[in-house]
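Notes follow the structure.
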Amino acid sequence: MPQTHTFEMGMTCGSCANAARRVLEKMGEGITIDSIDVPTKRIVVTTEKSAEEVKTQLEKTGKAVSGVRITHIESH
């Protein structure tokens with residue numbers, strides 16, 4: 001079941017956001033980037049992958065990643 005993960009990442013500019021997008025896209029199918037917001041330093045994705053997998057991938061940008069919040073999506 002897909003979950004929404006919210007991460008806080010030490011982004012300071014558009015290049016940081018682009019780097020985050022690139023590493024997330026390398027995860028392949030099964031992950032949707034809902035938002036990448038530089039001013040709030042938040043990244044929101046929906047995926048069936050674990051939060052730890054996504055966090056590890058985001059850390060490949062060289063930026064600090066923290067503050068994982070997970071929201072379960074109910075299927076109807």
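The values are calculated or read from the model by the stated rules, or taken from the named source; none is laboratory data. Since this is a predicted model, take the numbers as computed values, not measurements. Please note: Cβ atoms are built from the backbone with ideal geometry, for glycine as well, and neighbour counts cover all protein chains shown.
Take Thr56 and decide whether it is assigned to a strand (DSSP E or B) and surrounded by fewer than 16 Cβ atoms within 10 Å (Cβ to Cβ). So Thr56 fails the test.
Considered as a group, the residues in the stretch 59-69 that are of a type in the set (Val, Ile, Thr) and in contact with a Phe, Trp or Tyr (Cβ under 8 Å, 6 or more places away or on another chain) include one that is surrounded by the most Cβ atoms within 10 Å (Cβ to Cβ), and that residue is Val65.
Matching residues to (1) over 10 Å from the mean Cα position of the chain (by Cα); (2) of a type in the set (Lys, Arg); (3) in a helix (DSSP H, G or I):
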position: Met11; (1), (2), (3): yes, no, no
position: Val23; (1), (2), (3): no, no, yes
position: Ile33; (1), (2), (3): no, no, no
position: Thr46; (1), (2), (3): no, no, no
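As a summary of the residue check, Val44 satisfies the conditions (1) surrounded by 16 or more Cβ atoms within 10 Å (Cβ to Cβ); (2) out of contact with any Ser or Thr (no Cβ under 6 Å at 6 or more places or on another chain); (3) of a type outside the set (S, T, N, Q) except for the one numbered (2). Taking every residue in the stretch 2-21 that is among the small types (Gly, Ala, Ser) and surrounded by 16 or more Cβ atoms within 10 Å (Cβ to Cβ) and pairing it with any residue that is modelled with pLDDT of 95 or more and assigned to a helix (DSSP H, G or I), at least 6 positions away or on another chain, the pairs with Cβ-Cβ distances below 8 Å are Ala20/Leu58.
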